[in-house]
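The values are calculated or read from the model by the stated rules, or taken from the named source; none is laboratory data. Keep in mind that what you see is a predicted model, and the values were worked out from it rather than measured. Don't worry about glycine lacking a Cβ; one is built from the backbone with ideal geometry, like all the others, and counts go over all protein chains shown. In case anyone asks, the SASA skips ligands and DNA or RNA and just uses the protein heavy atoms, side chains included. Shrake-Rupley method; radii C 1.70, N 1.55, O 1.52, S 1.80 Å.
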Amino acid sequence: MVAQQQTRTTFIQSAVHLLRANGFDGLNLDWRYPGGAGSQPQDKQRFTLLCKELNEAFVAEGTLTKRARLIITASVSAEKAIIDASYEVTEIAKHLDFMNVLTFDFHGPWESVTGHHSPLFQRAQDTGNQTYLNTDFAMRYWQNQGGPPQKLNLGLAAYGRAFDLSTASTAPGAPASGPGEEGCYTGEEGFWATYETCLYIEGVDIQLIADQKVPYAVTENQWVGFDNKDSLDTKVTYLKTNNLGGAFVWSLDLDDTSGQFCKIGKCPFISHLHTLLVPDFPSLNTTTAPTTTTPPTTNTTLPTTTIHSTPPITASPTIIPTTTTSQSQGSGNPCEGLTNGHFADPNNSTRFYQCSPSGSHILSCRAGLIFSDVTGVCDFPPKP
């Protein structure tokens, strides 16, 4: 998609259309990773170009429609080697509103010893490349490479990583024989959602990895690292002290949405984080949450920002433009000065212009619909 101007333009146009039609605030790019395994050598530069062209298109569309500009963010690696290979940090920072740094999964049951997946700082025992595998190093490195701190969001994991212990040792760095038990709902070995972690460690003493400021627990032969209220307090204090832009969570569906598992209120992870970051707003526990006793099937692929998002725009039910007639525009160019996309015909509410590098066309909405400047698609007429 990024290799050619034409395919980038197609992607950007479709992104704008999708976002506006559904009332979204913007787009998050989650490419893992430009310049990494399976990518082409030019992809590092192409990623910069994609960020630039998306930003330009979002600015132009916002100016034209007189709406708040769509936000553009990117989920980016926290690993030094991948950062070096994948990002022109100073350049992409010019075009992105935020960079969501994936400060988790530094360690996990793919390793032969236990380790917290999202430590704030390095352990005293860390040497060599191990000293890079922590949140503090990642956030400082992004800044050192040219990332403005106010554009950097710190990643928080609403899940635990569990190991099978292979000896009687239970300290961080203890020998492990692989991933721990699968979560009883998420079904992935060594991966426990917040609501699963609550169940497994109920009545178990919580230990603190003092130099890394994160907790872990041991139940029978299972070693699990996770975040709790205390470690969230510490991480948010770090965030504020270093003037970072904010935080994001991986992911909303991993929290105890019903409050029936952790028994400390609905959405305890997100709610506590929200209280720390947005203290002037009421607790999320006052909102309605699902009441099912069994969480839905988990999809852990979309990190979700918890601050810096504007309220979603309420959109009427829309229908993707369906045309009954289509004709090439004759004399003149109605798209002159406009960006690519669909634009209302000022003389006929049932028609709209389709502007593209290949030419200009007048299209008609199907019977009963009019073209909406707000949603950018054919829509039902407003009620009187």
Check: If you scan the stretch 219-240, which residues turn out to be at pLDDT 95 or above and open to solvent by 40 Å² or more (accessible area, probe 1.4 Å)?
Finding: N221, N228, K229, D230, D233, T234, T237, K240
Item checked: Filtered residues of the stretch 85-131 (kept if part of a loop (DSSP other than H, G, I, E, B), open to solvent by 40 Å² or more (accessible area, probe 1.4 Å), among the charged types (D, E, K, R) and closer than 22 Å to P148 by Cα) -> E88
Notebook entry, point to check: If only one of A78, A74, A37 is closer than 30 Å to N221 by Cβ and outside any helix (DSSP H, G or I), which one is it?
Noted result: A78
Next item on the list: Residue by residue through the stretch 185-205, note down the ones that are part of a loop (DSSP other than H, G, I, E, B), under 23 Å from S251 (Cβ atoms) and touching a strand residue (DSSP E or B) at 6+ places or on another chain (Cβ under 8 Å).
Entry: Y185, T186, E188, G190, I201
Checklist line | Out of Q122, Q130, Q143, sole residue that is at pLDDT 95 or above, over 28 Å from C51 (Cβ atoms) and in contact with a helix residue (DSSP H, G or I) (Cβ under 8 Å, 6 or more places away or on another chain) | finding: Q122
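Give the residues of the stretch 221-233 that are farther than 17 Å from N153 by Cβ and under 23 Å from the mean Cα position of the chain (by Cα), sorted by residue number. Can you show your working first?
First, pick out the residues of the stretch 221-233 that are farther than 17 Å from N153 by Cβ: 221-226, 228-231, 233.
Listed by number, the residues that qualify are G225, F226, N228, K229, S231, D233.
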Margin query: Cβ-Cβ distance below 6 Å, separation of 6 or more or different chains: which pairs start in the stretch 212-228 with a residue that is under 21 Å from F137 (Cα atoms) and end on one that is of a type in the set (G, A, S) and open to solvent by 20 Å² or more (accessible area, probe 1.4 Å)?
Written below: none
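Right, L49: open to solvent by less than 50 Å² (accessible area, probe 1.4 Å) and farther than 24 Å from Y238 by Cβ or not? If you could, list the steps in order and put the result at the bottom.
Numbers: open to solvent by less than 50 Å² (accessible area, probe 1.4 Å): no; farther than 24 Å from Y238 by Cβ: yes.
Criteria not met by L49.
Condition test on L64, is it open to solvent by 30 Å² or more (accessible area, probe 1.4 Å), in a helix (DSSP H, G or I) and in contact (Cβ under 8 Å) with a residue 40 or more places away in the chain? Working first, answer last.
Details: open to solvent by 30 Å² or more (accessible area, probe 1.4 Å): yes; in a helix (DSSP H, G or I): yes; in contact (Cβ under 8 Å) with a residue 40 or more places away in the chain: yes.
The answer is yes for L64.
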